[in-house]
Structure formats: C-alpha cells, structure tokens
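A.B. asks: What follows is a single structure, and I will ask about it in a moment.
The values are calculated or read from the model by the stated rules, or taken from the named source; none is laboratory data. Quick caveat: nothing in here was measured; it's all calculated off a predicted structure. Ideal geometry is used to build each Cβ from the backbone, glycine not excepted, and the neighbour counts take in all protein chains shown. When the accessible area is computed, the model is the full protein with side chains, heavy atoms only, and any ligands, DNA or RNA have been set aside. Shrake-Rupley method; radii C 1.70, N 1.55, O 1.52, S 1.80 Å.
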Amino acid sequence: MSAGQRAAGSGRRTVLAAFAANLGIAATKFAAFVITGSASMLAESVHSVADSGNQALLLIGRSRAQREETEEHQFGFGAERYLYGFLVALLLFTLGAVFSVYEGIHRILHPESLDSPVVALVVLVLLLRRRQGPPPPVSSWQAGTPVPTPPPSAVPATPGPPSGPS
C-alpha cells in the first residue's frame, strides 16, 4: 500500500469518526433539550446534525473525486472535492442562519421557562471539556516571525522593457 493510499484511507476514517461523533453529540444535546426545553440545546443539537450532514457531503465529494478520467473529463474529477467543500460551507452558513433567526423570533414571541437548566449546563460543560486539547499550530505569520526571503540568485530576473524602434 502506497503512502498516498494510506493517507486517503486515514482521511476517510477521520471523516467517518467525525460523522459518528457528531451524531452522538447531537443525540446527547437533543436529549438535554427534551429534558430542559432549552432553545440553546435545540439549536446545538440541530448544529451537530448539520455537522453530520456536512461530513456525509464530504464523503460523497471524496468518492466522486476519485473516479477515473473519461473521454469527456480528461483531467478526471478531482475538482469535485472542492465543489462539495463549497456546498458544505454554503449549507452551514445558510441553514444555521435560517434556523437561528426562526428560533430567535419564535422564542421572543412565545417565551418559555426552562424546566431544568442544570442538565443543559452539565451537557455544555462536558462538551467543552471534550474539546480541550493541545492548542492549534501557529503559523509564522500569526506568531509575527519573519519569513525568510530567498537569496537573489533564486529569484529569476524579469525582462526589461522591449528595446528597438517604437
């Protein structure tokens, strides 16, 4: 098995693991919503379901991008991965915004009290603790360290203006 095949398999496993984790988190948050009636728990559970849908779209895009080239698509289908990534971003933004606006208006017009806010707080604290881990890597730009410039011999000379009669 080549290094590329191992990387492709591990990428698929990562997306599948995220898919399963998001479904489990969605179920936990939805159970907390049922117990508490908390709008934030409902919004969080819908967000986790949307994340699961995004993982499914990424899997579809990944498999479609790996198809062999055809007479009509001589360069293959690799660019489809980017299309599905774009669809994921578009769906996250649009569905999240629509649901948040709807739920906000609904809760303002029909306010409800929380039955048991302790359950919602426990779920949020547990999920926050799960997300703690090592800090993400910092790029040299974010860290403020200068990026080395190549030596002058590595930069190709640019031609000057054309010479001759004009």
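A.B. asks: Checking residue 44 against (1) under 16 Å from residue 12 (Cα atoms); (2) under 18 Å from the mean Cα position of the chain (by Cα); (3) of a type outside the set (Lys, Arg), only one condition comes out false. Which one?
C.D. replies: Every condition holds for residue 44 apart from (1).
A.B. asks: Only one residue in 92, 109, 23, 83 is within 23 Å of residue 126 (Cβ to Cβ) and open to solvent by 60 Å² or more (accessible area, probe 1.4 Å). Which one?
C.D. replies: 23
A.B. asks: Same structure, new question: Got at least one residue in region 61-70 being under 23 Å from residue 99 (Cβ atoms) and surrounded by fewer than 19 Cβ atoms within 10 Å (Cβ to Cβ)?
C.D. replies: The answer is no, given that none of the residues of region 61-70 is under 23 Å from residue 99 (Cβ atoms) and surrounded by fewer than 19 Cβ atoms within 10 Å (Cβ to Cβ).
A.B. asks: Still on this structure: Could you give me the residue pairs with C-beta distances under 8 Å whose first residue belongs to region 33-60 and is farther than 24 Å from residue 87 by Cα, whose second residue is in a loop (DSSP other than H, G, I, E, B) and of a type in the set (S, T, N, Q) wherever it lies, and which are 6+ apart or on separate chains?
C.D. replies: Taking only residues 6 or more apart or on different chains, the pairs are 35/116; 36/116; 37/113.
A.B. asks: Further question on the same structure: If residue 29 satisfies all but one of (1) surrounded by fewer than 18 Cβ atoms within 10 Å (Cβ to Cβ); (2) closer than 27 Å to residue 115 by Cα; (3) in contact (Cβ under 8 Å) with a residue 24 or more places away in the chain, what's the number of the condition it fails?
C.D. replies: So residue 29 meets the others, but not (1).
A.B. asks: Given the conditions (1) exposed (fewer than 10 other Cβ atoms within 10 Å of the Cβ); (2) within 14 Å of the chain's Cα centre (by Cα), and given that residue 49 satisfies all but one, which numbered condition is not satisfied?
C.D. replies: The failed condition is (1).
A.B. asks: Would you please list the contacts, defined by Cβ atoms under 9 Å and residues six or more apart or on different chains, that run from a residue in region 88-116 that is modelled with pLDDT under 80 to a residue that is open to solvent by 60 Å² or more (accessible area, probe 1.4 Å) and in a helix (DSSP H, G or I)?
C.D. replies: As it stands, the answer is 92/47; 96/47; 115/35; 116/35, since those pairs meet every condition given.
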